[in-house]
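**Student:** The structure follows.
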Amino acid sequence: MSGESENGQQAEAIGDEHARRTRSTQRQLISLTGPALLIGVMAGVLLWGIDEIAEVLEHVLWDHLPEWIGVAPDSVWWIIGILTATGAAVGLTIRYAPGHGGHDPAKVELVAPPLPLIALPGVALTLILGLAGGVSLGPESPIIAIAIAVAVWFTKRFAKHVTVELALMMAAAGMLGAMFGSPVAAALLLTEMVAAAKRGGLLWDRLFAPVAAAAAAALTADWLGVALIAPESPGPVSPTLELLLWGIVAALAAALLGIGAAWAMPRLWRLLRRLSNPVLYATLGGLVLGILGAIGGPITLFKGATQTADLIQQSDTFSTADLIWLAVIKTIALTVAAAAGFRGGRIFPAVFIGAAAGLAVQSFVPDLPLQIALACGVLGAVLAIGRDGWLALFLAVAVSGEIALLAALCLVMLPVWLLVTGAPEMIVHDDEDEVDPHNVTAT
């Protein structure tokens, strides 16, 4: 009987300890809810504000000024002139603004260490100039850096129970949720980061605050009209084995373009840094981007979100060769923009590259449904350029508008992942004697 009594006491003690830990976890999660929601709303408003300012400047540069001067905004010399001037303006900002325009996205991952607040005006200015000037980069890296800096400052001042690491993840998740209009994208992208922390406990406990921030940001961005909108799906599709094989071809073709960019970007980065002064290499980069834009046309300019939708709608007007050419031009433009010091991300341009590659295969194989071609092309490009399988799957489904393709896309990913894992990453690793004095991470 005494043994049974001791076992009962032990069981009761274990139950009490479990209840105590559960209450502690609940209190912790409740304490994180307020900061997470505030950071999420901040991320959505920040994305909206940057987008609005960039859009106003874009209209000035590409609509009003050409009209006042009496030139066509899509003329060769106007495109070259605006991109060159944009490069010069970005270079001057990197050279003279406090913080030198923040992290060089060519040298850091999507989520980078917090910046000092004094660097944020320069980061915002370089981002706005690039978005408005037609540079082939998205807003991801700089705007996430701004959100992280603000979130870390806010939590240190008003929510000291939130660690710097958690504030960083909430801000990154919030901005990803705002950009893609879904907290799922942020949760998937941050899963590996959270799991790597290895702090014990349930994974959902550690994802709670970032997902809350992403949800708040996604709703805010959706209400303000700046979230990514997927095209309407013409109807469900059931991929046969033959269609699946052609989808793999589209994914591999897009991935090869991304691998080419990943191989070339660090080499071009080091070549341009021989000029030392960011005004020189950013201006030269702008000139090259202008020439590429003049060759490829306006659809190859800017971050690529609106242009991807236009490309899909106008796909019947392009030949297979035209679509291949657009994908190549955008890939080169992304490589040059990333190497020349422009501040921006690669996800949105990668989506355009993948869509163009997928449409090229679909143009060659008319029986291949549009949704499969788009999904597989985007999957391959984002996987090669972004190196994140969860994000690649999410964007493939988002762009195609077909959640039913998810299982097929998981199969398509297998050969693409085997190709990508042996390829270089699209990031610059400094040698000891090759430190850029105008990169904030090196100062």
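Computed from the coordinates by the stated procedures, all read-outs in this text should not be read as laboratory data. Remember, predicted model here, so these are calculated numbers, not experimental data. We place every Cβ from the backbone using ideal geometry, glycine too, and count neighbours over all the protein chains shown.
**Student:** Tell me the label-point distance for the pair Q313, R267, using the 7 Å Cα-to-Cβ offset, in nm and rounded to one decimal.
**Tutor:** It works out to 3.9 nm between the two label points.
**Student:** Separation of region 79-126 and region 143-169 by C-alpha centroid, Å?
**Tutor:** Their Cα centres are 21 Å away from one another.
**Student:** So, one more: Can you tell me the order of 82-92, 105-115 when each peptide is scored by its average per-residue count of other Cβ atoms within 10 angstrom, highest first?
**Tutor:** Most protected by this proxy first, the peptides run 82-92, 105-115.
**Student:** In whole Hz and in residue order, list the ³J(HN,Hα) couplings for region 159-176 that follow from phi through the Karplus curve 6.51 cos²θ - 1.76 cosθ + 1.60, θ = phi - 60°; x for Gly and Pro.
**Tutor:** Result, rounded to whole Hz: 9, 5, 6, 8, 6, 4, 4, 5, 4, 4, 5, 5, 5, 4, 5, x, 5, 5.
**Student:** Please give me the summed charge of the neighbours of A384: other residues whose Cβ is under 12 Å from its Cβ, Lys and Arg +1, Asp and Glu -1. Don't skip to the answer; put the middle values down first.
**Tutor:** Values: positive: R346, R387; negative: D388, E425.
Neighbourhood net charge equals 0.
**Student:** Can I ask one more? Between L411 and I295, what is 0.36 nm times their sequence separation minus the Cα-Cα distance? Round to one decimal in nm.
**Tutor:** Numbers: separation 116, 0.36 × 116 = 41.76 nm, distance 3.64 nm.
Difference between extended and current length: 38.1 nm.
**Student:** For R95, project a label point 7 Å along Cα to C-beta. Then give me every residue of region 320-363 with its amide nitrogen under 15 Å of that point.
**Tutor:** Only 341-342 pass the distance filter.
**Student:** Around L115, which amide H atoms from residues at least 5 apart in sequence, or from another chain, sit under 5 Å from its own amide H, with H modelled in the peptide plane?
**Tutor:** HN-HN under 5 Å from L115: A149.
**Student:** What is the order of R274, R346, fewest Cβ neighbours within 10 Å to most? The partial results should precede the final answer.
**Tutor:** Numbers: R274 8, R346 31.
Going from least to most buried by this count: R274, R346.
**Student:** Short version: ³J(HN,Hα) in whole Hz for each residue of region 390-396, in order, from phi by Karplus 6.51 cos²θ - 1.76 cosθ + 1.60 (θ = phi - 60°), x for Gly and Pro, what are they?
**Tutor:** Along region 390-396, the couplings run 4, 5, 4, 5, 4, 5, 4 Hz.
**Student:** State the extension gain, in nm to one decimal, for the chain segment bounded by D63 and L418, taking 0.36 nm per residue of separation less the distance between their alpha-carbons. All intermediate terms of the calculation are to be shown ahead of the outcome.
**Tutor:** Numbers: separation 355, 0.36 × 355 = 127.80 nm, distance 4.53 nm.
Full-extension gain reported as 123.3 nm.
**Student:** Can you work out the Karplus-derived ³J(HN,Hα) for every residue in region 142-147? Use 6.51 cos²θ - 1.76 cosθ + 1.60 with θ = phi - 60°, whole Hz, and x for glycine or proline.
**Tutor:** x, 6, 5, 4, 5, 4
**Student:** Based on alpha-carbon centroids, what's the gap between region 286-312 and region 260-275 in Å, whole number please?
**Tutor:** When both Cα centres are located, 21 Å separates them.
**Student:** Right, next: Which cross-chain or sequence-distant (5 or more) residues have an amide H under 5 Å from the amide H of G345, H modelled 1.01 Å from N in plane?
**Tutor:** The answer is G138, E140, S141.
**Student:** Still on this structure, please answer the following. Under the 0.36 nm per residue contour assumption, what length would be gained going from the current alpha-carbon distance of T320 and T306 to full extension? All intermediate terms of the calculation are to be shown ahead of the outcome.
**Tutor:** On the way: separation 14, 0.36 × 14 = 5.04 nm, distance 2.11 nm.
Computed gain between T320 and T306 is 2.9 nm.
**Student:** Could you tell me what fraction of 2.2 N^0.38 Å the Cα radius of gyration of region 241-380 comes to, as a two-decimal ratio?
**Tutor:** Working: Rg = 15.5 Å, N = 140, 2.2 N^0.38 = 14.4 Å.
Relative to the 2.2 N^0.38 Å estimate, region 241-380 comes out at 1.08.
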